[in-house]
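Have a look at the structure below before the remarks.
The values are calculated or read from the model by the stated rules, or taken from the named source; none is laboratory data. Worth saying up front: this structure is predicted, and the values here are computed from it rather than measured. Neighbour counts run over all protein chains shown; Cβ positions are idealised from the backbone, glycine included.
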Amino acid sequence: MGLRGTYRERTVEYKVPKNLTFPYVFGVLALITFALQIISGTILVMYYKPVITHAFDSVNYTIMKEIDFGWLFRHIHAAGANFFLAIVYLHMFTGIYYNAYKKPRELVWIVGWLIYFTLLVTALTGYLLPWGQLSYWGTVVITEIPTSLADAPILKDFFGAIGETISMWMKGGYRLEDLALGRFFGLHVILLPLLLLGLVSIHLFLVRAAGISNPEGYEIDKEKEPEKVVPFHPYVTLKEGAIAMWYLALFFFFVFFYMHHFLPPDNFEPADPLKTPPHIAPEWYLLGFYEVFRSIPSKFWGFVAFNLILLLLLLLPFLDFSPIKSARRRPLFFVMFVVFVISCMALTILGTMSPTPTNAKLGMFFTALVFLFFLSLPVISVIEWGWYKTKGGQA
């Protein structure tokens, strides 16, 4: 089968920039966490019952108490979901900072965005499955968001009907019951993992095809500049392997000792459609979008705003057409990148707070800054094109 030759070609003979920094390991850590999710999820699905009369007990009694080490696999899966999204966010911010979305890596970024979006949907569908109070009401909040289309300034009946149809399709009716739980279960354990596996495979192939970027933003000619590259194995594999060990140590530290961060006590109460919690919010990885939605007075424009942010994130390679790469050599871009990161963190924090008028104004302010980042990119690109031509085409 030629496996030895393939192994040498893809590891020992494959050259990468020697100046790769620590943030480049986030992609590998995401891959490791994805593997943990697949393994732990496969064990859990053997004992889970996707009906509302048994879902809660199958998770909190059968898996947690009756099955040998069932608690461990649930802890790994619950913590892994949070670690996975956190690593993916860090990976995306790293890609933006180093401009890893620019030519010839536009398709790498687009497929990466598809992975991110699919991962959000996977996390959302999995959040309902324990059928606890937080799981139930958090999903209610998410599934009701499309009904905000009824607040459209024009064609209210048309947009309202679309929003209501989307909401009812997500819930499988007027409220979350067996049909919704079955749909979410099927999506979470079959369709979405298969889609993620396919997208991750394509993403890895494209990374190898386009080559790994480097922190300085220069494209390295491996033939003419051999002193600037090293073999992927053993130099990169050993370094990333060491970091992976530290990451797994941290991961299992939380799994064994601090699971209250990922399994809040309120969710150990069975879902009750007649008992609404005082403060309902989705998980932290959706809080930024949730804050954008609720901080804008018009729910229609809030719905449009957070979807537009997702679209602009997808179009990032085409908004930033500067010939210069990496925030290390782009002072204007670096300032806007810092503003963007701070704004995203602020929106996430505000999403955990009560919806007071002051918090709503802060939410609108930081939402405007997020949009300012994306809108500034074409302007910065035009300015840097002028610098580029002034220097005689030397980026």
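In the stretch 280-395, counting only helices (runs of 4 or more DSSP H) that sit wholly within it, the ones holding 1 or more residues that are closer than 27 Å to residue 135 by Cβ and of a type in the set (Gly, Ala, Ser) span 284-295, 299-314, 331-351, 357-390. State whether one or more residues within the stretch 149-163 are assigned to a helix (DSSP H, G or I), within 30 Å of residue 39 (Cβ to Cβ) and basic (Lys, Arg). Taking every residue of the stretch 149-163 in turn, none turns out to be assigned to a helix (DSSP H, G or I), within 30 Å of residue 39 (Cβ to Cβ) and basic (Lys, Arg). Across the stretch 48-64, the qualifying residues are those that are of a type in the set (Ser, Thr, Tyr) and part of a loop (DSSP other than H, G, I, E, B), and the one among them that is surrounded by the fewest Cβ atoms within 10 Å (Cβ to Cβ) is 53. Every condition in (1) under 20 Å from residue 358 (Cα atoms); (2) in contact (Cβ under 8 Å) with a residue 12 or more places away in the chain is met by residue 278 except one, and the failing one is (2).
Run residue 259 past the list (1) in the same structural domain as residue 123 (by TED's automatic domain parsing); (2) buried (at least 18 other Cβ atoms within 10 Å of the Cβ) and report the number of the one that doesn't hold. Failing condition for residue 259: (2).
Evaluation of residue 198 against the conditions (1) farther than 30 Å from residue 46 by Cα; (2) surrounded by fewer than 17 Cβ atoms within 10 Å (Cβ to Cβ) shows that the sole unmet condition is (1).
Here residue 242 does not fit the description of being closer than 30 Å to residue 51 by Cβ and either buried (at least 16 other Cβ atoms within 10 Å of the Cβ) or out of contact with any Phe, Trp or Tyr (no Cβ under 7 Å at 6 or more places or on another chain) (or both).
A quick yes/no check of all residues on (1) among the aromatic types (Phe, Trp, Tyr); (2) surrounded by fewer than 18 Cβ atoms within 10 Å (Cβ to Cβ); (3) closer than 30 Å to residue 335 by Cα; (4) modelled with pLDDT of 95 or more:
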site: 66; (1), (2), (3), (4): no, yes, no, no
site: 73; (1), (2), (3), (4): yes, no, no, yes
site: 77; (1), (2), (3), (4): no, no, no, yes
site: 84; (1), (2), (3), (4): yes, no, yes, yes
site: 91; (1), (2), (3), (4): no, no, yes, yes
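Among the residues of the stretch 16-47, those identified as outside any helix (DSSP H, G or I) and either crowded, with 18+ Cβ neighbours inside 10 Å or out of contact with any Phe, Trp or Tyr (no Cβ under 8 Å at 6 or more places or on another chain) (or both) are 16, 17, 19, 20, 21, 46, 47. Considering only residues in the stretch 136-173 that are more than 21 Å from residue 300 (Cα to Cα) and either in contact with a Pro (Cβ under 7 Å, 6 or more places away or on another chain) or at pLDDT below 90 (or both), the one that is surrounded by the fewest Cβ atoms within 10 Å (Cβ to Cβ) turns out to be 173.
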